[in-house]
Amino acid sequence: MKMRLRHVAVFSILLAASARAQDANIPHLEKRGTATQLVVDGKPYLILGAEIHNSSSSSLDYMKPIWPRLAEIPLNTVLTPVSWELIEPTEGQYDFTLVDGLIQQARQNNLRIVFLWLASWKNGMSSYAPLWVKRDTRRFPRVIERDNEVEILSTLGKATMEADAKAFAALMHHIREIDGQSHTVLMLQVENEVGVLGDTRDHSAAADKAFASAVPHELTTYLQAHRESLFPELRELWDANGAKTSGTWTDVFGNSPRADEVFMAWNYGRYVNHVAAAGKAEYPLPMYVNTWLAHQDATPGDYPSGGPQPRVIDAWKAVGSAIDIYSPDIYQSNFEDWCKWYNRAGNPLFIPEAAGGAAGEQNVFYAVGQHDAIGFSPFAIDSAKDPKNDLGKSYEALIQLAPEILQHQGKGETAGFLLERQKPSTSFVMNRYLVTVSLDEIFGSGAEKGFGLIIATGPNEFLGAGSGFRVQFTPRSPGLPHAGVGYVEEGKFENGRWLPGRRLNGDENDQGHYWRFAPQQISIEKAGVYRFE
Ligand code: DGJ
């Protein structure tokens, strides 16, 4: 008997140890230096992805020919919807046929997945809620705008929040069951571009009551504790109203669309955090929320009011911690600004939607090189005209460079840049050099665009990739006062090994003056710098 008990005990210890090992292996976020990286199967992973159209993944047959085309671009990860209406068409009865099929199709094509949970909200509206939710306005109340009920589920509907959370938990439970070992699914987007459209806030009776009540102390405590790192616009709004630490929403934030937006941010944050936490309790994959970005001077309600715009991310953070990343969907041309506004105060940069084509081809270098982005993903890839020729060229280079990029992120050893005629150069300090990057000029014919990234791989060694730029090194003390480009080698990485191609000299490095990356192509090059008296 004693013997049997001992066996049982040993067996349970082994089981617990294997569960712990499995947990440690689940895709997760890890801080390395100043960067936060996505770690998959024990190694940092760079998402070179794209998102498909909203309806594509509702049919496995429709998707079948798409996967190999995506793999060929080449992508490593596909962002694809999974909707509440399709997994729970009847309350309490789940159908995971699509989820299983998508995971299988991804595996067959050597691709990973980020699932987008389209549930209570998608682009502000509630079109992805199941019919049994849509039909029942009593149990699942709607937003009221100017005395009219609109087809947007109210964040104040407790039953809605619980129903969404329950379905999401069931989904995460299922993903763990079928993918807890293989890790085809890397992350989850919870809802899609949430916020009230058409008004600055919800005016339902429940929302009005909450708005007239005291601001929850979690928020006022957060404002005080994070005063120095608050997004400047939120801090200004709070200060302009006396930086109060208690009072109603109007007392603390004033009577304006901006105050309404903070109120909605708190309420969406509370709801979405609850859904995310329920999912994580089943399977703790990293989770993010994406944002329909406001144009400058737009009023909340022209864009979804309460979504995690930079100026209200703090309200989302104050309400819970189940959301790991606040993400921008960047279609606007000031790409660099949005990266800066999102990659701050500990928020890692992940761009789940962006313009593709030539813009995507260029912008990915900046996001990854300058902001340690976890990943980049243009929208509507399944109808892109010639993705192998723009995005694909960038991804081909970045897939080769990913191990180097990930090894050097978070240590001040990577930089990314976007150059054009209006902004022809930029500079930064790397190792003991001031590195100046400018639009490439050779024999007077200048490039119109320059983009790329540079990695410091050794004290005097650099690795770069991109197009249409040239680099000059100015030494910083201590050390000899002059610097020259000692050698430039073009090449590629195969299975992590550098295979050199041409040695670039003469016209190709402007007679030794610059490290050059020719326009009209994306090249990978190594350079060595020397110093002299
Ligand atoms: C942003 C949304 O998040 C996507 O699902 C899609 O609707 C695009 N807009 C369309 O441009």
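The values are calculated or read from the model by the stated rules, or taken from the named source; none is laboratory data. The structure displayed is predicted, hence computed values, not measured ones. Positions of Cβ are backbone-derived with ideal geometry, glycine not excepted, and every protein chain shown enters the neighbour counts.
Here's the yes/no breakdown for (1) assigned by TED's automatic domain parsing to the domain that holds residue 322; (2) hydrophobic (A, V, I, L, M, F, W, C); (3) part of a strand (DSSP E or B); (4) touching a residue at least 60 places away in the same chain (Cβ under 8 Å):
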residue: 127; (1), (2), (3), (4): yes, no, no, no
residue: 132; (1), (2), (3), (4): yes, yes, no, no
residue: 143; (1), (2), (3), (4): yes, yes, yes, yes
residue: 149; (1), (2), (3), (4): yes, no, yes, no
residue: 152; (1), (2), (3), (4): yes, yes, yes, no
residue: 167; (1), (2), (3), (4): yes, yes, no, yes
residue: 182; (1), (2), (3), (4): yes, no, no, yes
residue: 188; (1), (2), (3), (4): yes, yes, yes, yes
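Residue-wise test of (1) over 18 Å from the mean Cα position of the chain (by Cα); (2) hydroxyl-bearing (Ser, Thr, Tyr); (3) modelled with pLDDT of 95 or more; (4) exposed (fewer than 15 other Cβ atoms within 10 Å of the Cβ).
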| position | (1), (2), (3), (4) |
| --- | --- |
| 17 | yes, no, no, yes |
| 21 | yes, no, no, yes |
| 24 | yes, no, no, yes |
| 33 | yes, no, yes, yes |
| 46 | no, no, yes, no |
Legend entry - Residue among 441, 525 that alone is touching an Asp or Glu at 6+ places or on another chain (Cβ under 7 Å) and either of a type in the set (Gly, Ala, Ser) or outside the structural domain of residue 394 (by TED's automatic domain parsing) (or both): 525
Inset, instruction - Could you tell me which of the residues 83, 126, 56, 120 is surrounded by fewer than 21 Cβ atoms within 10 Å (Cβ to Cβ) and within 16 Å of the ligand (Cβ to nearest atom)? - result: 56
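Among the listed residues 225, 212, 207, which satisfies the condition of being surrounded by fewer than 13 Cβ atoms within 10 Å (Cβ to Cβ), modelled with pLDDT of 95 or more and under 14 Å from residue 259 (Cβ atoms)? Spell out the reasoning first.
Values: 225 fails: under 14 Å from residue 259 (Cβ atoms); 207 fails: surrounded by fewer than 13 Cβ atoms within 10 Å (Cβ to Cβ).
The conditions single out 212.
Does residue 194 satisfy the condition of being in contact (Cβ under 8 Å) with a residue 12 or more places away in the chain, within 16 Å of the ligand (Cβ to nearest atom) and surrounded by 19 or more Cβ atoms within 10 Å (Cβ to Cβ)? Step through it out loud before you land on a result.
Numbers: in contact (Cβ under 8 Å) with a residue 12 or more places away in the chain: yes; within 16 Å of the ligand (Cβ to nearest atom): yes; surrounded by 19 or more Cβ atoms within 10 Å (Cβ to Cβ): yes.
Yes.
So is residue 476 farther than 19 Å from residue 394 by Cβ and without any contact (Cβ under 8 Å) to a residue 24 or more places away in the chain or not? Let's see the steps before the verdict.
On the way: farther than 19 Å from residue 394 by Cβ: yes; without any contact (Cβ under 8 Å) to a residue 24 or more places away in the chain: no.
It is false that residue 476 is farther than 19 Å from residue 394 by Cβ and without any contact (Cβ under 8 Å) to a residue 24 or more places away in the chain.
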Inset, instruction - Select, from 103, 66, the only residue that is more than 16 Å from the ligand (Cβ to nearest atom) and closer than 29 Å to residue 133 by Cβ. - result: 103
Inset, instruction - Answer yes or no: is there a residue in segment 380-403 that is over 20 Å from residue 110 (Cα atoms), touching a residue at least 12 places away in the same chain (Cβ under 8 Å) and in contact with a strand residue (DSSP E or B) (Cβ under 6 Å, 6 or more places away or on another chain). - result: no
Inset, instruction - May I ask you to list pairs of residues, at least six apart or on different chains, whose Cβ atoms are under 8 Å apart, with the first in segment 84-107 being without any contact (Cβ under 8 Å) to a residue 24 or more places away in the chain and the second being surrounded by 15 or more Cβ atoms within 10 Å (Cβ to Cβ) and charged (D, E, K, R)? - result: 95/88
Inset, instruction - From (1) in contact with an Asp or Glu (Cβ under 6 Å, 6 or more places away or on another chain); (2) surrounded by fewer than 18 Cβ atoms within 10 Å (Cβ to Cβ), pick out the condition that doesn't hold for residue 167. - result: (2)
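Which one of these is within 16 Å of the ligand (Cβ to nearest atom) and in the same structural domain as residue 63 (by TED's automatic domain parsing): 365, 379? Talk me through it step by step, then tell me what you get.
Values: 365 fails: within 16 Å of the ligand (Cβ to nearest atom).
Step by step, each of 365, 379 is checked, and only 379 is within 16 Å of the ligand (Cβ to nearest atom) and in the same structural domain as residue 63 (by TED's automatic domain parsing).
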Inset, instruction - State all residues of segment 195-206 that are touching a Ser or Thr at 6+ places or on another chain (Cβ under 8 Å) and either over 18 Å from residue 312 (Cα atoms) or among the acidic types (Asp, Glu) (or both); if no residue qualifies, say none. - result: 199, 202, 204, 206
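Yes/no matrix, rows are residues, columns are (1) surrounded by fewer than 19 Cβ atoms within 10 Å (Cβ to Cβ); (2) outside any helix (DSSP H, G or I); (3) charged (D, E, K, R); (4) within 16 Å of the ligand (Cβ to nearest atom):
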position: 259; (1), (2), (3), (4): no, no, no, no
position: 262; (1), (2), (3), (4): no, no, no, no
position: 266; (1), (2), (3), (4): no, no, no, no
position: 284; (1), (2), (3), (4): yes, yes, no, no
position: 289; (1), (2), (3), (4): no, yes, no, yes
position: 311; (1), (2), (3), (4): no, no, yes, no
position: 316; (1), (2), (3), (4): no, no, no, no
position: 323; (1), (2), (3), (4): no, yes, no, no
position: 328; (1), (2), (3), (4): no, yes, no, yes
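With the requirement that a residue be in a helix (DSSP H, G or I) and either within 16 Å of the ligand (Cβ to nearest atom) or among the acidic types (Asp, Glu) (or both), what does segment 336-361 give you? Spell out the reasoning first.
The first filter runs over segment 336-361 and keeps only residues in a helix (DSSP H, G or I), leaving 336-342, 357-361.
Once the filter is applied, which keeps residues that are in a helix (DSSP H, G or I) and either within 16 Å of the ligand (Cβ to nearest atom) or among the acidic types (Asp, Glu) (or both), segment 336-361 yields 336, 337, 338, 342, 357, 359, 360, 361.
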